[in-house]
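All remarks here apply to the structure that follows.
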Amino acid sequence: MLSTIALAVFALASATTSGTPFAASSAAFAFPTRERHPSPPRLAPAAAALRMAPLPFGRTKSTVAEIEAESEELRKEIEELRREALRRLENLNERLTPSSSSSSSSSKTEPAASETEDAKSSSPAGEELLPAPAPIVFSGTRGESTTRGKRPAKTISNLLDETRWKVSLSIGREPGTWMPAEWGESGQRIALSFVAEFTPSQLYDRDDFLRGGYANAKILHVVDNEIKLGPSINEGERTYKAKDGGWQVTRGDGPMGTDLLRFFVEVDERIEHAGGDVYVPRGRVYSSCGYFPFLRGDDGAVPSVKEAFANELRGIEDQIVKLQERKDEIRNPFNLDGIKLSREIFRLNQEARKVNGKLNFAMVKEPDKGLLRFSRDGDVGLTKEGGVCCQVNKGVVVEYHILGRFSIASVDNDR
């Protein structure tokens, strides 16, 4: 009994001294007990994680001070870069600012050069400031004419600008007219004339006769705003008031795609001779004729497509004649050279037919000059005759009734 108690006391003493918590079980024996050891206090999750996380290798408490020192160095470097950028911007601004006078610019040459050198030395390697802009130089001297007042370059649509033409109307019954049956039944004709100036001013009055409405349409000025009615057997010459109209060059509306000149004037009253059966109704009188531009090249010559096709056709015909002569010298019809010549002659004949078709088309596009009336500059030709009509509204339908024909000729401009 005493030995057993002694062993228990010895075991308790050894457990207490070694720091091992007392356990109620043992391989040799066990003491039943109701005593509970106090549990350690619970920590917050973040604190527990901080307490359980191992410190990095080689880190000590002095690391915080090192981080603060590095941050301070970074702040200093950023501040230095900011000052450097501001300094470079100021230098660039001074270089881009124009000098008030030549003397001031010359006096600032050396400081600007030194600033440039300083900026280059302070800038990083391979980086340079933008070069100074080139000075603005105004060509010409005082008193020289500017672009204002100069006529624009000649194009197909403005060759008639600022030109004057005498328009002579011959009004009477024409084949295909839709005028009333009694109009012009007697065969009578009346003659009207006026001088028209083709101005470059934009026309804003819409009219369906001009293709596209008022787009690219210009004002046609009637000189003195008068139209003269020629004398008849019973009456002398009379003058009627006329308003300005409009004009336009329409592309491809003529025969085989040729261009047309369309223009109109407006009369305030009916024009007629007393006792006659021919008259011009009150309103707008429309006219149209062929328009053929003759723009000159750089050498001053007017290129002619018609002549080019004619020369090409003559060259092909000469080749055919020469080849035919060579073929006639060959007596054997089965000779290989004769067969080749026949094939080449056939090909040239086909080519000649194509060129001849192009020539016929060019003859319409470039009519004989005897059929045209040219401007004073000779850069545009109008067919010497054209058609005249008036507009008749029948409900929603618009009709153009033929009134006659007209002739046109260029006149000197008084200005």
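The values are calculated or read from the model by the stated rules, or taken from the named source; none is laboratory data. Quick caveat: nothing in here was measured; it's all calculated off a predicted structure. Here the Cβ positions follow ideal geometry from the backbone for every residue, glycine too, while neighbour counts run over all protein chains shown. Please note that ligands, DNA and RNA were not included when accessible areas were found on the heavy atoms of the full protein model with its side chains. Shrake-Rupley method; radii C 1.70, N 1.55, O 1.52, S 1.80 Å.
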Response to the item:
Restricting the stretch 174-193 to residues that are surrounded by 16 or more Cβ atoms within 10 Å (Cβ to Cβ) and of a type in the set (A, V, I, L, M, F, W, C), the one farthest from residue 231 (Cα to Cα) turns out to be 179
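Does residue 341 meet the test of being open to solvent by less than 80 Å² (accessible area, probe 1.4 Å), at negative phi, in contact with a Lys or Arg (Cβ under 6 Å, 6 or more places away or on another chain) and of a type in the set (A, V, I, L, M)?
Numbers: open to solvent by less than 80 Å² (accessible area, probe 1.4 Å): yes; at negative phi: yes; in contact with a Lys or Arg (Cβ under 6 Å, 6 or more places away or on another chain): yes; of a type in the set (A, V, I, L, M): yes.
Here the answer is yes, as residue 341 does meet what is asked.
Please enumerate the residues belonging to the stretch 233-250 that are part of a loop (DSSP other than H, G, I, E, B) and free of Cβ contacts under 8 Å to residues at least 40 places away in the same chain.
Kept after step one, since they are part of a loop (DSSP other than H, G, I, E, B), are these residues of the stretch 233-250: 233-237.
Of everything in the stretch 233-250, those that are part of a loop (DSSP other than H, G, I, E, B) and free of Cβ contacts under 8 Å to residues at least 40 places away in the same chain turn out to be 233, 235, 236, 237.
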Discussion item. Based on this model, can you work out whether residue 243 counts as within 16 Å of residue 288 (Cα to Cα) and basic (Lys, Arg)?
Written reply: no
Worksheet entry | Filtered residue count, the stretch 376-409, keeping only those that are buried (at least 18 other Cβ atoms within 10 Å of the Cβ) and among the small types (Gly, Ala, Ser) | 3
Discussion item. Just to be sure before I move on: is residue 234 open to solvent by 10 Å² or more (accessible area, probe 1.4 Å), of a type outside the set (Gly, Ala, Ser), at pLDDT below 90 and farther than 25 Å from residue 165 by Cα in the structure I sent?
Written reply: yes
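Against the condition open to solvent by less than 20 Å² (accessible area, probe 1.4 Å), closer than 26 Å to residue 161 by Cα and either small (Gly, Ala, Ser) or out of contact with any Phe, Trp or Tyr (no Cβ under 6 Å at 6 or more places or on another chain) (or both), how does residue 210 come out, does it pass?
Numbers: open to solvent by less than 20 Å² (accessible area, probe 1.4 Å): yes; closer than 26 Å to residue 161 by Cα: yes; either small (Gly, Ala, Ser) or out of contact with any Phe, Trp or Tyr (no Cβ under 6 Å at 6 or more places or on another chain) (or both): yes.
Against the criterion (open to solvent by less than 20 Å² (accessible area, probe 1.4 Å), closer than 26 Å to residue 161 by Cα and either small (Gly, Ala, Ser) or out of contact with any Phe, Trp or Tyr (no Cβ under 6 Å at 6 or more places or on another chain) (or both)), residue 210 qualifies.
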